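Worksheet for the structure shown next.
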Amino acid sequence: MSNEVFSRLVDAHYGALYRFALSLARNSSDAGDLVQQTFFIWATKGHGLHDQAAAKGWLFTTLYREFLRVRRRGARASSLDAMPESQAELAAEEVDRVAKCDSSTVVAALQEVDEAFRAPLTLFYLEDLSYNEIAEILEVPIGTVMSRLSRGKAQLRTLLTTAAAAPEARIIPFGSAQGGKQA
């Protein structure tokens with residue numbers, strides 16, 4: 001593969017891969033490492049991909065697999081069974097409060113969502129991927145994607161409702177100092 005082709009691939013997909021990595025790793029240095037490792041793997045194995053149009057999916061899948069490999073090495077996976085099956089619907093008033101949240105609050109709340117739900121939410125809302133594409137990237141059945149999206153949205157809604165109801169107890173935006181109160 002020529003340097004020019006590789007550079008175009010990096011230019012086309014770096015931002016989206018980095019956002020996905022950041023949503024998984026929850027810190028910028030680990031996200032950067034994941035993206036760098038993904039492109040390294042592409043440089044060493046990507047030539048085996050016969051359909052270059054499938055590069056985006058290959059890169060996202062590789063990044064996710066690399067994240068799982070690193071996580072398995074460093075920590076135990078969280079259990080999906082700990083999440084309650086159903087969560088109460090929000091009242092219309094709460095929905096209005098959530099709708100008024102600024103983007104930094106939404107991004108910060110997304111970082112607080114359980115890891116198993118964060119990846120599908122990020123891929124669906126921030127990367128605009130279909131259920132099928134998400135299922136392929138995460139290597140899970142489409143029903144699992146739909147379930148995780150539903151449960152993740154409920155968790156995100158709860159976090160945003162809490163943040164909107166008590167502005168003084170706002171979620172600290174990702175990357176901010178962990179100590180002080182938000183203005």
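The slack between ALA12 and ASN132, meaning 0.36 nm per residue of separation minus the straight C-alpha distance, is 41.1 nm.
Couplings 3J(HN,Hα) of the range 155-161, computed from phi: 5, 4, 4, 4, 4, 5, 5 Hz, in residue order, whole Hz [Karplus 6.51 cos²θ - 1.76 cosθ + 1.60, θ = phi - 60°; x for Gly and Pro].
Taking 0.36 nm per residue of separation and subtracting the current Cα-Cα distance, fully stretching the chain between ARG65 and GLU4 would add 19.3 nm. Considering the zone a paramagnetic label at SER104 would reach in this model (a point 7 Å from Cα along the Cα-to-Cβ line), which residues of the range 12-40 have amide N under 18 Å from it? 27-28, by backbone N distance to the label point.
Read-outs: derived from the displayed coordinates by stated rules, not from any lab. From a predicted model like this one, the values you see are computed outputs, not experimental measurements. Heads up, the Cβs are rebuilt from the backbone with ideal geometry, glycines too, and the neighbour counts pull from every protein chain shown.
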